[in-house]
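**Q** So that we are looking at the same thing, I have put the structure below in structure tokens.
The values are calculated or read from the model by the stated rules, or taken from the named source; none is laboratory data. Computed from a prediction, not measured in an experiment: that's the story for all the values here. Neighbour counts are summed over all protein chains in view; Cβ atoms, including those assigned to glycine, are modelled from backbone coordinates with ideal geometry.
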Amino acid sequence: MDQLELRMQLEWRRLQLAPPKSSRLESLNMTLSGTIPPQLGHLSFLVSLDLTSNLFVGALPPELSLLLHLKFMSLRLNNFTGDMPPLFGQLPKLEYLNLRNNSFTGSILKSLSNLTNIEIGSLTSLQRLYISGNNLNDTLPHEIGSLESLVDFGAESNQIGDSVDFNVFINMSSLQTLLLWRKKFIGNFSRDVGNLTILTSLPLHENYLTGFIPPELGRLY
């Protein structure tokens, strides 16, 4: 039995004795290692799951999709691998998702929506999404514009490329931070950026954008 599996059993017993006040599982900077056991999905009372800065490896178990009350999930600074699973699109109450600095691969769209607008549209509560520092590829999908409650979106330091269509984000009326630096975006700097009128942060350095800086950028203040 690895360290996390033992902790899961202890947490499960504690939550059974005192639900739902004990609805958080936090194991920060504890150098826990191994894979995430599927039993974690049995902690159905969890509202917050923070496993930041440990030594976890491997793929995420699909049983995490059973944490239907989860609002906060941080798995950053580990070494999770494989395609980002579509389970995140099945967590309707999720408000904060941080997967920074792992080794996830594959497509953003597959991980968030399982290729359907219906599921990605169910993430109506998601306000902060950070997927930077992974090995995600493909392009920036138009379907991500269905995440209309997003305030912060960080996707920097990945392998996502092609041109940037800022109209993807036009329905995100609360979007303030858009982190797209150190990627593989090419082409001209689109005038559509001027439509994102409440943005306060838009770093785009270390890309391959060409042409002139559009005057519409002056609308952002």
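**Q** Being touching a Pro at 6+ places or on another chain (Cβ under 7 Å), at pLDDT 80 or above and of a type in the set (A, V, I, L, M) is true for just one of L179, L147. Which residue is that?
**A** L179
**Q** For segment 56-75, which positions are surrounded by 18 or more Cβ atoms within 10 Å (Cβ to Cβ), more than 10 Å from the chain's Cα centre (by Cα) and closer than 18 Å to R24 by Cα? It would help to see each step written out before you state the result.
**A** So the first thing to find is which residues in segment 56-75 are surrounded by 18 or more Cβ atoms within 10 Å (Cβ to Cβ), and the list is 56, 60, 64, 66-67, 70-75.
Pick out the ones that are also more than 10 Å from the chain's Cα centre (by Cα) and you get 56, 60, 64, 66-67, 70-72.
Matches in segment 56-75: L64, L66, L67, L70, K71, F72.
**Q** So, one more: Looking at (1) part of a helix (DSSP H, G or I); (2) modelled with pLDDT under 75, find the lone condition where G187 falls short.
**A** All conditions are met except number (1).
**Q** Output yes when any residue across segment 7-14 is out of contact with any His (no Cβ under 9 Å at 6 or more places or on another chain) and at pLDDT 85 or above, and no when none is.
**A** Checking segment 7-14: not a single residue is out of contact with any His (no Cβ under 9 Å at 6 or more places or on another chain) and at pLDDT 85 or above.
**Q** With the requirement that a residue be crowded, with 16+ Cβ neighbours inside 10 Å and at pLDDT 75 or above, what does segment 195-213 give you?
**A** L196, L199, L202, L204
**Q** Identify, please: which residue in segment 85-126 is in a loop (DSSP other than H, G, I, E, B) and farther than 23 Å from L46 by Cβ and is, among those, modelled with the highest pLDDT?
**A** Among them, the one singled out is T116.
**Q** Applying the selection to segment 39-53, what residues are more than 18 Å from M84 (Cβ to Cβ) and touching a strand residue (DSSP E or B) at 6+ places or on another chain (Cβ under 9 Å)?
**A** L43, L46, V47, S48, D50 - these are the residues of segment 39-53 that are more than 18 Å from M84 (Cβ to Cβ) and touching a strand residue (DSSP E or B) at 6+ places or on another chain (Cβ under 9 Å).
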